[in-house]
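Everything on this sheet refers to the single structure shown next.
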Amino acid sequence: MQNIFSHQLITLRRRKNLSQNDLARKLYVSRQSISKWENGETEPGIDKLITLSEILGVDLDFLLLGKENLNDLIIKISDLKKSFTQPVLNGITLNIYGKDRIALLGSNGAGKSTLAKMIYGELTPDSGSITSHVNNTDSLNVMPQEDVLMGDLKVIEHVQLAALIDQVYSKAFIAQMISKFRLEKQKNTYVSKLSGGQKRRLSLLLALLRESKLLLLDEPTVGMDLSSIDFFWRYLDHIGGCVITITHDFNQIDKYFSRVLLLKDGKIAQDVAVDTIHSHNQTIEQWYRQYNDGEAQIQ
């Protein structure tokens, strides 16, 4: 167990962009203690293990054994198929866990949005099954590729309505979210008059009003300016639950995701941990371009 724990601690600490000193301060221990844990010289007590799992955002099984707790399985997809004028998905089989940070990659037309829509119930598969342990009514948040907004409402009215529906209504909370998403100056502007980037920020705000067990984001940063994109990725790092994001923002995948799915030829061609790709001295973009356009494979 010790070697597995040491490896997990190093991997998860780096994934959170924490130095040994940063982690030591959060745990009220010395940096030398962290170093000894990572070198396999000693192990923390149960109280520190519990705190570590909370800081690193994983359960104890994953921290100690490197295995997901099967009780944390939230979506099970089996042999999923979907065709329109031609086959789009041709036998998708996939398990999704509650702490996953998944980047769903693939060429245009590979079926990424189709798969996402079937997960959240907008489309039904032709065959296969999706077993979900997520309540779509109160535990699922979605930001679709196309903004689904009511143009005849003002920004503040739209946020108020969504907050009422999500049962998180509070004047202070609504004002905080509008300010945080840099829409304060537009709060009394009709949604139809917003720029494309402002509409994306509003769509993101609406998707993040309440906590969720599963958050699905389809090309969330398209149309955003650079400062809004930076804000989005920083904010994403503090979101609990599982996050599945369709994106081609490769630099951010390296920083904020733990798992990459490559959809190709109607199937999940690759399901790889980000750390595994990095261990081959590749960035996500290098790996994607090599595998999506060629025949390389990471095991």
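The values are calculated or read from the model by the stated rules, or taken from the named source; none is laboratory data. Predicted model only: the values in this text are computed from it and were never measured. In this analysis, Cβ positions are derived from the backbone assuming ideal geometry, glycine residues included, and neighbour counts consider all displayed protein chains. We work out accessible area using only protein heavy atoms, side chains counted, and drop any ligands, DNA or RNA first. Shrake-Rupley method; radii C 1.70, N 1.55, O 1.52, S 1.80 Å.
Annotations for the structure displayed:
- Coordinate range along principal axes, alpha carbons of the chain, Å, largest first: 63, 49, 34
- Each residue was assigned an accessible area with a 1.4 Å probe, and for Asp265 the value is about 130 Å².
- About its Cα centre, the chain has a charge dipole of approximately 700 debye under the convention of +1 per Lys or Arg Cβ and -1 per Asp or Glu Cβ, with nothing else charged.
- Rounded D (µm²/s) - segment 4-65, Kirkwood Rh over Cα pairs, Stokes-Einstein at 25 °C, 0.890 mPa s: 218 µm²/s
- Electrostatic bookkeeping for Ile229 treats Lys and Arg as +1 and Asp and Glu as -1; over the other residues with beta carbon under 13 Å from its beta carbon, the sum is +1.
- Think of segment 4-65 as a dipole: +1 on every Lys or Arg Cβ, -1 on every Asp or Glu Cβ, centred on the Cα centre; then among Leu52, Trp37, Leu23, Leu23 lies furthest on the positive end.
- Within the chain, helix-based [θ] at 222 nm, where runs of 4 or more DSSP H residues each add -39,500 (n - 2.57), nearest 500: -11500 deg cm²/dmol
- Net charge dipole size for segment 207-299 [Lys, Arg +1 and Asp, Glu -1 on Cβ; Debye, nearest 20]: 280 debye
- Its alpha carbons give segment 21-112 an Rg and a Dmax of 19.8, 62 Å.
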